[in-house]
1. Only Cα pairs within less than 10 Å get springs; with that Gaussian network setup on the chain, which residue of PRO49, PRO193, PRO152 has the largest fluctuation?
2. State the answer as a single residue: which of SER192, SER68, PHE326 lies farthest towards the positive end of the charge dipole of the chain, with beta carbon charges of +1 for Lys and Arg and -1 for Asp and Glu, about the Cα centre.
3. Return the single residue from ILE147, ILE434, ILE285 with maximal mean-square fluctuation; model: Gaussian network over the chain, springs between Cα atoms under 10 Å.
4. What is the magnitude of the charge dipole of the range 86-236 about its Cα centre, with +1 placed on the Cβ of each Lys and Arg, -1 on the Cβ of each Asp and Glu, and no other charges, expressed in debye to the nearest 20?
5. The range 208-288: which trypsin sites (Lys or Arg not before Pro) are DSSP loop and have at most 14 other beta-carbon atoms within 10 angstrom?
6. For a quick check of your reading of the filter: which trypsin sites (Lys or Arg not before Pro) in the range 155-191 sit in a DSSP loop and have no more than 16 other Cβ atoms within 10 Å?
7. Under the rule of -39500 (n - 2.57) per DSSP H run of 4 or more residues, summed and divided by the residues of the chain, what mean residue ellipticity at 222 nm is obtained, to the nearest 500 deg cm²/dmol?
8. Rounded if a/c is under 1.5, else prolate if a/b beats b/c, else oblate: with a ≥ b ≥ c from the C-alpha gyration tensor eigenvalues square-rooted, which is the chain?
Amino acid sequence: MPQTYRIFIVEDDPWFGEMLKYHLSQNPDHEVELFKTAKEVLASLSKNPDLITLDYSLPDIDGDELFSKIKSKLPNTPVIVVSGQEQVGIALKLLKMGVSDYFIKNDDTKELVWNAVGKIKETQDLREEVKSLKQQLDEKYDFDKLIKGNSPQVTKLFEVMNKAAKTNINVSITGETGTGKELVAQAIHYNSPRKNKAFVPVNMAAIPANLLESELFGYEKGAFTGAVGSKPGKFEEANKGTIFLDEIGEMPLELQSKLLRVLQEREITRLGSNKSIQLDIRVIIATHKNLAAEVNEGNFREDLYYRIVGLPITSPPLRERGNDIFVLAEYFLKQFSKENKLDTITIDKHAKKKLMGYGFPGNIRELKSIIELAAVMCDDNTITEKDISFIPTDKKDSFVTEEKTMKEYNKDIIRHFLEKYDNNVLKVAKKLDIGKSTIYKMIKEGEL
């Protein structure tokens, strides 16, 4: 249903006031009230009109003074002045004060006011729409809306992300493939002061090495064969905003030095150009590799590493997030059912147990695929154990998807079994054939 649009007409000429009220009331959405004095309208401002038409020459208060009083009470309410005064100076003065429009009383006034009201309403509607969209965008990128889960690992992740969002420091996100590193980057950007500017993701592993430089820094016409026009690079697109360099560990060494210069000088030069372009940009990088180890092996520049590492954030693997597996599974199931117009589907306890016993080497991305397949295969709108299929890959066991020390692997294994068996230390010690005192000691020392 359309909302009522309340208009106040302030007019001491009874005939003109009634004529204007009748004309504006032709729109059924308009609720029009007529006031003959400034005192009457000031006493009614608590009704919050959407628009006011104001006679400049009233018997009790000067037009300038009345307009100022209205604006002090309702600063966002548009005011149209309708006056018998034909002095250009008065009109210019009122427009400078913030009047939305100024009309002289004549035979055309009612149509002019009608059209002005229509334009003002359109502008107000657009402002409300923009406000609503901005609110939706803010809600969409709330940490807990974007990243599902309530485990201690996710709570800790949110704490660090919040610190990152409040500053302009470079951020380096590490984590296994499928843990949602780009979502972390998006959430930081859209909760930062740069949220109204561009977020430009670049997957370094997906761009051929011979095209990477031109993609990042842009090029001018004729810079190389096939350059039939000029094109800005990703850094230019992200100016004033954030550039997200995903899988930066795949960047060729020869380009790393050029990236280092861009980050140091905060400027880029397009291929085929001598003109420098200044940058105001935030850099967030992500990788599934251990960049420090890549530096030691000579695959990544040490100076670039220290330039980009900034605030390190780890996106935890799904196997370490406990009951978040269920939170995510329910979310993916609800989303899939809605998209495919399916009835409500539930997951029984045996299927949940099977999910909890799996290591998810593909992390969140793999869980999403598993749940969507199960939703298709299940009967009676209930996902059972038989509907849960773990798709085999050539990937190694989930405990060895990263290069770690033996001590770190031991902690991962013990942590996994503690989550699997609800932190029952005695049961885990028996399953792994180790002393319970070893586990208690690791817990006491903060290793678990």
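1. The residue with the greatest mean-square fluctuation here is PRO49.
2. Selected residue: PHE326.
3. ILE434
4. Dipole size: approximately 440 debye.
5. Listed in order of number, the matching sites are LYS221, LYS240, ARG266, LYS275.
6. For trypsin sites (Lys or Arg not before Pro) across the range 155-191 that sit outside H, G, I, E and B with at most 16 neighbouring Cβ atoms in 10 Å, the list reads LYS166.
7. Only helices count here, giving -14000 deg cm²/dmol.
8. prolate
The values are calculated or read from the model by the stated rules, or taken from the named source; none is laboratory data. Everything numeric here is computed off the predicted structure, so don't read it as measured data. Quick reminder, even Gly has a Cβ in these numbers, built from the backbone with ideal geometry, and neighbours come from all protein chains shown. We work out accessible area using only protein heavy atoms, side chains counted, and drop any ligands, DNA or RNA first. Shrake-Rupley method; radii C 1.70, N 1.55, O 1.52, S 1.80 Å.
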